[in-house]
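Everything on this sheet refers to the single structure shown next.
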Amino acid sequence: MTRLLAPLINPVRSPLWAPVAGARGRRRGAGVALPVVASYSQSSNFGGAGVEAANLTNMQDSLAEPFAATAGGPGFEGSEWVQLTLNASTFVNAVTLMAPTTTGGWGPSYLNTRILQRTNDPSPGTGSAWTNVVVSLSGFTAGSSQTFSVGAACTALRIINPSGTIYVAVGDFRVA
């Protein structure tokens, strides 16, 4: 009797195994690209106690301080933003945001009511087509974090202030 032998590769432990393209399921395993943040940027930088420009360290450290805050006050409504740019177009399941502390008079009010947007533009920027992910962020308290579903391929995500509000402040801005 001839016996058919299965391949000697253990799909759970072998680096040679990767899921088949188009496989169903949300689990990220070998061969599935995870989002990699290339950089952070912002429309302006306020500076001051507890504040520093958004960067790869302070936006991913799970700490509410130091936090990023924009400098545009009255007259800059709807044009202040903090942006996360990925190294390539990648499917993003979710994004986690953390409200800043109240150091220097800041706090969650500068993250609540702001808009979370995404783009898949190869050169994300001001002229890109942005899609709202969350129209009005809410429920943040000082130092609290929340995760929001994105469920789309993105090259960048940003938090922007809507008309009638000034400043944007965020303690953490991470892709999940």
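The values are calculated or read from the model by the stated rules, or taken from the named source; none is laboratory data. The structure displayed is predicted, hence computed values, not measured ones. Note that we place each Cβ from the backbone using ideal geometry, even for glycine, and neighbour counts take in every protein chain shown. Note: accessible area is taken over every heavy atom of the protein model, side chains too, but ligands, DNA and RNA are not part of it. Shrake-Rupley method; radii C 1.70, N 1.55, O 1.52, S 1.80 Å.
The set of residues in the range 68-101 that are of a type outside the set (A, V, I, L, M, F, W, C) and touching a Gly at 6+ places or on another chain (Cβ under 9 Å) comprises 77, 78, 79, 80, 83, 93, 100, 101.
Per the conditions (1) at pLDDT 95 or above; (2) of a type in the set (A, V, I, L, M, F, W, C); (3) over 16 Å from residue 150 (Cα atoms), the sole criterion not satisfied by residue 115 is (3).
For the range 88-129, the set of residues classified as more than 11 Å from residue 156 (Cα to Cα), within 14 Å of the chain's Cα centre (by Cα) and hydroxyl-bearing (Ser, Thr, Tyr) consists of 96 only. Given the structure, is residue 126 open to solvent by 50 Å² or more (accessible area, probe 1.4 Å) and closer than 16 Å to residue 42 by Cβ? In short, yes.
Could you check the range 151-174 and list, in sequence order, the residues that are open to solvent by less than 20 Å² (accessible area, probe 1.4 Å) and farther than 21 Å from residue 45 by Cβ? Even if it seems obvious, please write down each step before you answer.
Residues of the range 151-174 open to solvent by less than 20 Å² (accessible area, probe 1.4 Å): 152, 154-157, 159-161, 168-173.
Within the range 151-174, 152, 154, 155 meet the criteria.
Return the residues of the range 62-79 that are acidic (Asp, Glu) and within 17 Å of residue 165 (Cα to Cα); say none if nothing qualifies. Matches in the range 62-79: 77 only.
Only one entry in 107, 48 is surrounded by 15 or more Cβ atoms within 10 Å (Cβ to Cβ), on the phi > 0 side of the Ramachandran plot and of a type outside the set (Val, Ile, Thr), namely 107.
Just a yes or no: is a residue in the range 135-146 touching a strand residue (DSSP E or B) at 6+ places or on another chain (Cβ under 9 Å), open to solvent by less than 20 Å² (accessible area, probe 1.4 Å) and aromatic (Phe, Trp, Tyr)? Scanning the range 135-146 turns up at least one residue that is touching a strand residue (DSSP E or B) at 6+ places or on another chain (Cβ under 9 Å), open to solvent by less than 20 Å² (accessible area, probe 1.4 Å) and aromatic (Phe, Trp, Tyr). Of everything in the range 122-176 that is modelled with pLDDT under 95 and among the polar types (S, T, N, Q), the residue that is farthest from residue 58 (Cα to Cα) is 163. The residue pairs whose first member lies in the range 51-68 and is more than 16 Å from residue 158 (Cα to Cα), whose second member is polar (S, T, N, Q), and whose beta carbons are closer than 7 Å, counting only pairs six or more residues apart or on different chains, are 52/58; 64/101; 65/101; 65/103; 66/58. Pairs meeting the criteria (first residue in the range 69-82 and within 20 Å of residue 102 (Cβ to Cβ) and part of a strand (DSSP E or B), second residue among the aromatic types (Phe, Trp, Tyr) and open to solvent by less than 30 Å² (accessible area, probe 1.4 Å), beta carbons under 8 Å, at least 6 apart or on different chains) are 69/106; 82/40; 82/173. Cβ-Cβ contacts under 9 Å between residues 6 or more apart (or on different chains), taken from a first residue in the range 108-130 that is under 19 Å from residue 169 (Cα atoms) to a second residue that is of a type in the set (Lys, Arg) and part of a loop (DSSP other than H, G, I, E, B), are absent.
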